[in-house]
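A quick write-up on the structure given underneath.
What follows is calculated from the coordinates using simple rules that are stated; it is not laboratory data. The structure displayed is predicted, hence computed values, not measured ones. When we count neighbours, we look across all protein chains shown, and the Cβ atoms used for this are built from the backbone with ideal geometry, even at glycine.
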Amino acid sequence: MLVFRRLTTALAFAFLGLSVPALANESVYTDLNLDRCQTIAADDMGASMKCKGYKNYPIYFSEGDLRQSVLYGPVRAELIEGAFESFGAFNHVNTKVEWRLDASGRPFAAILRWFIENVGDTGMPTKAAEGQVLVVARVAQPDDGLSCVVGYIDALSNPNANELARQLADSDARDFACGYQEGMWVGERGEKTSEQTHVWPEGLTGE
């Protein structure tokens, strides 16, 4: 019924000689369950895993030295083996992934919350010192295989952090040049965010 209504509206606009309004992007959500992921490689420092994502768009999760990195979609082998985008401080990701879908239902961006394990007065990570950052990433497509971080939003300093993340995803993720560009901070940025880290395979770029 929804498809029929959209088609009827489009035909009405066409008949009147008016431009058809663009359909808004939509969000769907999936759970990132590391206990159900397939281990690709592992050592004393961490592991690399392939996890269930959205439809035929998997999630590639990596951890090393108590820091985590995530890629989305049909990612090239060079990225799975050599890319790692994270934060300088110890960190871990949330378990809920928001996927932004275009009008055809294809995911083009993913949003995931990172927890930054800042140290407190005792010299150990504390809940009071913990930061939270929404990380917006480009989702790899079958014809390019490129996924990377598009930007960051401090979830504690911006009351509308989720809205800012969706706006950034919708405006920048599809045309983001992985390998040429590095993720940008959007909105207010507080002291609990930590500096981002960016490890990328040499010579691998997308335009």
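Just want to confirm a number: the relative contact order over the chain, from Cα pairs under 8 angstrom separated by 6+ residues, in percent.
17
With unit charges on the beta carbon (Lys/Arg positive, Asp/Glu negative), name the residue among ALA77, ALA103, ASN160 whose Cα is farthest towards the positive pole of the charge dipole of the range 35-181.
Projecting each Cα onto the dipole axis, the largest value belongs to ALA103.
In degrees between 0 and 90, to the nearest 10, how far off the longest principal axis of the chain does helix 2-16 point, with axes built from Cα atoms?
For 2-16 against the chain, the angle is about 50 degrees.
Could you work out how far apart the two model spin labels at SER104 and LEU66 are, taking each label as a point 7 Å from the Cα in the direction of the beta carbon, and quote it in nm?
Result: 4.5 nm between the two label points.
Rounded, prolate or oblate: pick one for the range 60-105, where a ≥ b ≥ c are the square roots of the eigenvalues of its C-alpha gyration tensor, a/c under 1.5 means rounded, and failing that, prolate if a/b is larger than b/c, else oblate. Could you put the intermediate results ahead of the total?
On the way: a/c = 3.12, a/b = 1.48, b/c = 2.11.
It is oblate, given that a/c is not under 1.5 and a/b is not larger than b/c.
Using a Förster distance of 22 angstrom, determine the FRET efficiency expected from the C-beta separation of HIS92 and GLN167, and round it to 0.05. All intermediate terms of the calculation are to be shown ahead of the outcome.
Working: r = 26 Å, r/R0 = 1.16.
It comes out at approximately 0.30.
Quote to one decimal, in nm, the extra length available between MET45 and ARG189 on full extension: 0.36 nm per residue of separation minus the C-alpha distance between them. It would help to have the intermediate numbers written out before the result.
Numbers: separation 144, 0.36 × 144 = 51.84 nm, distance 3.01 nm.
So the chain would gain 48.8 nm between MET45 and ARG189.
Apply the a/c threshold of 1.5 to the C-alpha gyration tensor of the range 23-199 and tell me whether it is rounded, prolate or oblate.
Working: a/c = 1.71, a/b = 1.18, b/c = 1.45.
Since a/c reaches 1.5 but b/c is at least a/b, the shape of the range 23-199 is classed as oblate.
Quick check: residue separation of ASN160 and THR205 times 0.36 nm, minus the Cα distance between them. What number comes out in nm?
Additional length available on full extension: 13.0 nm.
Run the quick spin-label model on GLU81 and ASN56: label points 7 Å from Cα toward the beta carbon, then report their separation in nm to one decimal.
Each label point is offset 7 Å from its Cα along the Cβ direction, giving 2.5 nm.
Output the peptides 29-40, 60-71, 105-116 sorted from most to least packed, where packing is the average of other Cβ atoms within 10 Å over each peptide's residues.
Numbers: 29-40: 12.6, 60-71: 19.8, 105-116: 21.8.
Going by the mean number of other Cβ atoms within 10 Å, highest first, we get 105-116, 60-71, 29-40.
Using the beta-carbon distance between HIS198 and THR122 and R0 = 30 Å, what value does 1/(1 + (r/R0)^6) give for FRET efficiency, to the nearest 0.05? It would help to have the intermediate numbers written out before the result.
Details: r = 30 Å, r/R0 = 1.01.
It comes to 0.50.
Which value, in debye to the nearest 20, gives the size of the charge dipole of the range 23-199 about its Cα centre, when Lys and Arg are +1 and Asp and Glu are -1 at the Cβ? Provide the component values of the computation, followed by the final result.
Details: 16 positive and 26 negative charges, 112 e Å.
Result for the range 23-199 is approximately 540 debye, rounded to the nearest 20.
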